[in-house]
Amino acid sequence: MAIILVTNDDGVHAAGLAALAAALEDLGEVWVIAPEREQSACGHALTLHRPLKVDRVRERWFAVNGTPSDCVNLGVLGFLPERPALVASGINHGSNLADDVTYSGTVSAAMEGTLLGVPSVAISLLADGDLAEAGRVARLVATRLLVEGLPRQTLLNVNVPPGVAKGVRVARLGHRVYEEKIVEHTDPRGRAFYWIGGGEPQWHEPEGTDMAAVHDGYVSLTPVHLDLTHHRVLAGMADWSTTLTAQLLRDPARKHRRSATE
Ligand code: MN
């Protein structure tokens, strides 16, 4: 039976994690490796400067004093009895839409699985959403992923709207704008301090985006590519190599330095 690695960023005791593990239970041998504490918005952080501790919670459930990416690394690179066939991250408490995927620990866990060559999916549930509904969606998506896999360097980002979903829409990532950039206050000692993320986010919801889909009451499915290279721009930058090389070589300040190839 294929191993399914389940993780999250809300921590090993989160209700969404249990809901996801339960939803996938008969699709494979589900193993849970999750952060011992909430790690939301931790991004793609890896713990490299201290040892990781793995505590057994119960059979095939483990808590790690690290990030979601740490959990996936542990799972895929040797802690599990074999390589997982799928990494499923979630069910996150709250959406991971648009640009937020770059901050999200939930999505980063799926990024890590993808980088390690395992088909990976992140599932998030909007505020006031129904975990049972999100579990049903996760199960349908995972069933298909276990058969079809995903293209290289591609993860699937799933957001489930509140209530009963009207259906499923494949959608691109939207773009978020925060109206208030920074909130500044003064502490009791007269020093300024700042909140980011304090303002209400303004959502552009153009047709075809993940935000529009969930706004309309649909589940959004977004394939996210980890190759951040902009290939069209790259092709148009060919002359940068020659021009900047010539300028660099002409710089008199570096003429006494040996080049790497000398
Ligand atoms: Mn979270």
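The values are calculated or read from the model by the stated rules, or taken from the named source; none is laboratory data. Just so it is clear, the model here is predicted, and its values are computed rather than measured. Heads up: the accessible areas ignore ligands, DNA and RNA and are worked out on the full protein's heavy atoms, side chains in. Shrake-Rupley method; radii C 1.70, N 1.55, O 1.52, S 1.80 Å.
What to note about this one:
- Calculated accessible area for the stretch 39-93 comes out at 51 Å² per residue, all protein chains present (probe 1.4 Å; ligands, DNA, RNA ignored).
- The chain, relative contact order [Cα under 8 Å, separation at least 6], %: 16
- Under the Karplus curve 6.51 cos²θ - 1.76 cosθ + 1.60, θ = phi - 60°, whole-Hz ³J(HN,Hα) for the stretch 150-157, x wherever Gly or Pro sits: 9, x, 4, 6, 10, 10, 10, 9
- Taking a quarter of the surface of the Cα convex hull of the chain gives a mean projected area of 20.8 nm².
- Here the convex hull built on the C-alpha positions of the stretch 1-47 has a volume of 78 cubic angstrom per residue.
- Rounded percent of accessible protein surface that carbon and sulfur make up, the chain, 1.4 Å probe: 55
- Normalising the average separation of contacting C-alpha pairs (under 8 angstrom, six or more residues apart) by the number of residues puts the relative contact order of the stretch 63-191 at 26 percent.
- In sequence order, the stretch 58-66 has phi-based couplings of 7, 4, 6, 10, 9, 10, 10, 7, x Hz under the Karplus curve 6.51 cos²θ - 1.76 cosθ + 1.60, θ = phi - 60°, and Gly or Pro positions carry x.
- A full extension of the chain between GLN153 and TRP195 corresponds to an added length of 11.7 nm, given 0.36 nm per residue minus the alpha carbon distance.
- When Rg and Dmax are taken over the Cα atoms of the stretch 40-148, they come to 14.0, 39 Å.
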